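Take a look at the structure set out below.
Just so you know, all these numbers are worked out from the coordinates, no wet-lab data involved. Nothing here was measured: the structure is a model prediction, and the numbers come from that model. Ideal geometry is used to build each Cβ from the backbone, glycine not excepted, and the neighbour counts take in all protein chains shown.
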Amino acid sequence: MRFLLDDEQRDFARSLDAMLTAADTPAVVRAWAAGDTAPGRAVWARLAEAGVFALAVPERHDGLGPLPLELAVALRELGRHVVPGPVVETVAAAALLDRLGTLGDEATAANWLPGIASGKTVASLCLISGNASGSGCGSGSGSGESPYALDADSADAVFVVDGDTVRLTEVTGPVQPSADPARRLSRPLGGTVLARGPRVSAAAAHAAEVAALATAAQALGLGRALLARTVEYARQRTQFGAAIGSFQAVKHRLADALIALEFAEPLVHAAALALAANVESSGAEIAAAKVSACEAACSAARTALHLHGALGYTEELDLSLWIRKARALRGAWGTPAACRARVLAP
Amino acid sequence: MDLDFTAAEDAFRTEARAWLAGHVPSVPLPSLETAEGFAAHREWERTLFADRWSVVSWPEAYGGRAASILEWLVFEEEYYAAGAPGRVSQNGINLLAPTLFEHGTEEQRARILPPMASGEVIWAQAWSEPESGSDLASLRSTAVRTDGGWLLNGQKTWSSRAAFADRAFGLFRSDQDGISAGKPYRGLTYLMFPLDADGVTVRPIGRLDGKPAFAELFLSDVFVPDADVIGEPGQGWRVAMSTAGNERGLTLRSPGRFTAAAERLTALWREQADPGDTALRDRVADAVIGARAYQLFTYANASRIAAGGTLGAESSLNKVFWSELDIALHETALDLLGPYGELSDDAEEAPAHGSWSDGYTFSLAGPIYAGTNEIQRDIIAERLLGLPKGRR
């Protein structure tokens with residue numbers, strides 16, 4: 001057993017971190033929220049060049065994957081830098097198409113997967129109902145189903161799973177503002193049928209697992225960034241003649257935030273390994289990772305907001321971009337209750 | 001990255017499981033915190049030792065199997081999954097033995113370790129004093145030079161199971177200069193002494209449920225020979241702290257305890273819970289997730305050590321996590337048991353022979369011993385997050 005990331009995986013994470021630091025992602029997020037997706041697409045293209053989306057696509061469709069662990073490593077870095085756009089939905093759509101392909105629908109898979117791998121195609125995915133049984137966080141409401149597709153207004157392809165049918169949707173309803181302004185939500189309307197039948201249900205269940213894992217990994221990165229920024233602030237902010245980070249009440253909240261993140265991370269890694277090995281326990285492992293990582297991120301967000309004082313309650317502080325995303329991811333692709341139920345499902 | 005066990009590790013697991021299946025008492029032993037239970041647990045240590053299962057990670061010369069960390073974790077998983085008794089020798093095995101391996105002499109190891117492994121000599125800690133708890137370095141009990149050794153004086157307290165144990169180990173002030181210099185951790189010496197020695201008075205203290213789990217020790221001119229000093233006189237703080245991470249880190253509470261308890265909790269929940277009670281379901285799920293997270297976190301640490309790394313302040317993360325997990329898990333079990341949840345572990349009708357009740361009481365001590373969780377959070381904040389030191 002060597003339950004540690006190897007040098008190559010660490011280097012990959014470091015290079016993404018460096019690239020995204022240089023990309024000034026907070027400005028990119030603010031532009032995305034205002035409807036200007038061009039800077040976001042430029043970042044997307046660089047991520048694709050680094051191989052991020054290819055990790056979700058099999059080699060036979062010009063990808064490098066599927067490599068769930070490397071994908072989780074990458075998504076953590078994207079979360080750390082609050083990269084906007086349907087990142088999770090794109091890799092989940094790749095999982096859906098890949099699985100449809102292996103179940104006999106190679107033409108559909110071949111039509112879309114190379115574009116996803118190369119970064120040319122930004123995809124969104126929406127599970128409207130049903131058929132997520134066996135998915136990351138159970139079935140029924142809360143298991144990753146939603147009437148909304150993320151960033152469907154700007155995506156190149158919007159895939160919608162409704163029952164045992166998958167459609168490609170061209171028309172979406174008006175954007176419903178999310179509490180995280182970088183998440184542009186809208187209802188997919190109509191569309192052309194791409195595939196139908198039991199294989200769609202199986203592929204959708206797989207896609208929901210990948211989406212839950214990717215969301216968990218992203219949440220981990222968000223939490224790490226929230227903690228790092230808040231530690232930095234607590235070292236510099238002075239009250240009563242001392243750095244507030246020297247006070248126990250402040251220290252202990254930050255220590256608790258670190259503990260939650262440190263214990264969520266191995267759950268994410270183990271879930272990725274389970275998904276890669278295609279073992280039966282992968283659904284429960286992913287659910288455990290999803291609920292733990294998202295709760296760790298949300299609690300880091302609460303701590304970050306609080307320790308920044310009134311400053312943390314402002315929109316203009318970039319911290320707000322992380323705080324609001326952490327809350328949104330908690331409910332996306334598996335609510336806490338659905339994930340916990342899945343952990344105990346027989 | 002993988003979570004795979006080797007064929008040898010799997011074989012080790014199979015061997016441990018088979019031995020435990022043949023030897024674990026079918027009815028749990030009486031509570032470790034009573035005279036009767038202490039004797040029964042001592043006997044169990046002898047049984048373990050006879051087949052070399054009491055100290056698997058030690059060298060063979062001292063009764064172990066030279067097991068790797070991972071094999072030790074495997075053994076612990078099997079041990080608790082089998083419902084095997086608590087370890088009455090744990091203070092010696094987890095705290096004193098690592099100190100002897102690192103700082104003891106060959107003579108001390110040969111003399112002390114085999115009877116520790118067999119349960120013939122059971123060790124208690126003598127750290128805390130009435131005025132020195134979290135601020136351990138402020139301790140006042142003294143060790144004064146005498147012909148051929150030292151004379152101990154003072155008072156130690158909260159010494160777990162010292163009412164029944166044979167010997168104790170702890171820190172004593174052998175030089176007062178550190179205090180006046182404002183460096184209280186200087187001038188401390190690590191010593192071992194028999195609890196039945198002349199000048200030692202042991203007074204049992206009941207824990208929350210009345211069982212005499214603790215004792216306070218009054219020491220009056222207790223003679224300790226030089227052979228029972230560990231490391232250099234005056235260097236006791238460094239000696240003690242070098243292995244403190246063992247207690248908080250890997251060895252004190254292995255993940256096997258919690259994965260086994262979480263499985264029993266899940267079984268109880270499936271048998272007895274109202275399926276509509278989703279609040280309770282969520283707490284059971286959290287116990288399962290917490291135990292799994294702790295197991296995986298430990299596998300990662302074991303991998304790090306196997307790759308040549310060390311554990312420092314990271315062990316404080318562990319200590320806070322398992323101690324809070326333990327309480328939450330047992331509270332959930334008691335809630336699940338409804339009217340039976342309040343029965344004492346001594347009650348004839350207590351579910352699972354009182355193990356949930358006893359486990360709950362024991363769990364309440366977790367955030368206090370081995371360095372309070374407040375001290376651990378300070379360590380995490382200062383040494384892992386780099387926050388400035390401040391007043392405690």
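Overview of results
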quantity	calculated
For A:Leu150, distant residues with modelled amide H under 5 Å away	A:Leu125
Theoretical FRET efficiency, 1/(1+(r/R0)^6), r = Cβ-Cβ of B:Ile368 and A:Lys120, R0 56 Å, to 0.05	0.40
DSSP beta bridges in the protein assembly as shown [antiparallel fraction, %, rounded to 5]	75
Counted charge near A:Asp318, where neighbours are those whose Cβ lies closer than 12 Å (Asp, Glu -1; Lys, Arg +1)	+1
Loop-resident sites, the stretch A:237-335, for GluC sites (Glu not before Pro), counting at most 13 other Cβ within 10 Å (DSSP)	A:Glu280, A:Glu315, A:Glu316
Pairwise centroid distance, computed over Cα atoms, of the stretch B:130-208 with the stretch B:12-44, Å	32
Size of electric dipole in the stretch B:7-88: Cβ of Lys, Arg +1 and of Asp, Glu -1, about Cα centre, debye, nearest 20	140
Dipole of the protein assembly as shown [Lys/Arg +1, Asp/Glu -1 at C-beta], most positive-end residue of A:Leu75, A:Ala107, B:Phe214	A:Leu75
Stretchable slack from B:Ala227 to B:Arg203, in nm (0.36 nm times residue separation minus alpha-carbon distance)	5.9 nm
Cβ-placed point charges (K, R +1; D, E -1), dipole of the stretch B:244-384 about Cα centre in debye, nearest 20	880
Dipole of the stretch B:265-341, positive direction: furthest Cα of B:Gln272, B:Gln295, B:Gly309, with charges on the beta-carbon	B:Gly309
Rounded tilt (10° steps) of B:255-272 against the dominant C-alpha axis of chain B	30
HN-Hα J in Hz across the stretch B:318-335 - Karplus 6.51, -1.76, 1.60, θ = phi - 60°, x for Gly and Pro	4, 4, 5, 5, 5, 5, 6, 4, 4, 5, 4, 5, 6, 4, 4, 4, 5, 4
Equivalent ellipsoid, chain B (semi-axes from 5 times Cα gyration tensor eigenvalues, Å)	34, 23, 23
Vicinal HN-Hα couplings computed from phi for the stretch B:86-100 (Karplus, 6.51 cos²θ - 1.76 cosθ + 1.60; Hz; Gly/Pro x)	x, 9, 5, 8, 4, 5, x, 5, 8, 10, 6, 4, x, 5, 5
Chain B - charge dipole about Cα centre, Lys and Arg +1 at Cβ, Asp and Glu -1, debye rounded to 20	1060
Cut-off under 5 Å, modelled amide H: who pairs with A:Glu170 long-range	A:Gly191, A:Thr192
Equivalent ellipsoid, the protein assembly as shown (semi-axes from 5 times Cα gyration tensor eigenvalues, Å)	52, 29, 22
Whole-angstrom gap from the stretch A:55-104 to the stretch A:276-303, using each part's C-alpha centre	17
Sites matching GluC sites (Glu not before Pro) across the stretch B:344-392 that sit in DSSP coil, with at most 15 neighbouring C-beta atoms within 10 Å	B:Glu348, B:Glu349
The stretch A:186-231 and the stretch B:244-320: distance between their alpha carbon centers, rounded to Å	28
Per-residue ³J(HN,Hα) for the stretch A:295-312, Karplus 6.51 cos²θ - 1.76 cosθ + 1.60, θ = phi - 60°, Hz, x for Gly and Pro	5, 5, 5, 5, 6, 5, 5, 4, 5, 4, 4, 5, 6, 7, x, 4, 4, x
Structure-based [θ]222 nm, chain B - -39500 (n - 2.57) summed over DSSP H runs of at least 4, per residue, nearest 500	-13000 deg cm²/dmol
Candidate lysines - alpha carbon under 28 Å from A:Lys325, same-chain residues fewer than 8 apart omitted	A:Lys120, A:Lys251, A:Lys290
B:Phe214 long-range amide H proximity, modeled H, under 5 Å	B:Arg161, B:Ile205, B:Arg207
Computed [θ] at 222 nm, helices only, for chain A once each DSSP H run of length n ≥ 4 contributes -39500 (n - 2.57)	-19000 deg cm²/dmol
Computed FRET value (nearest 0.05) for B:Ser220 with B:Thr105, which takes r as the C-beta separation and R₀ as 30 Å	0.60
Fully extended contour minus Cα-Cα distance, from B:Arg270 to B:Arg304, at 0.36 nm per residue	8.6 nm
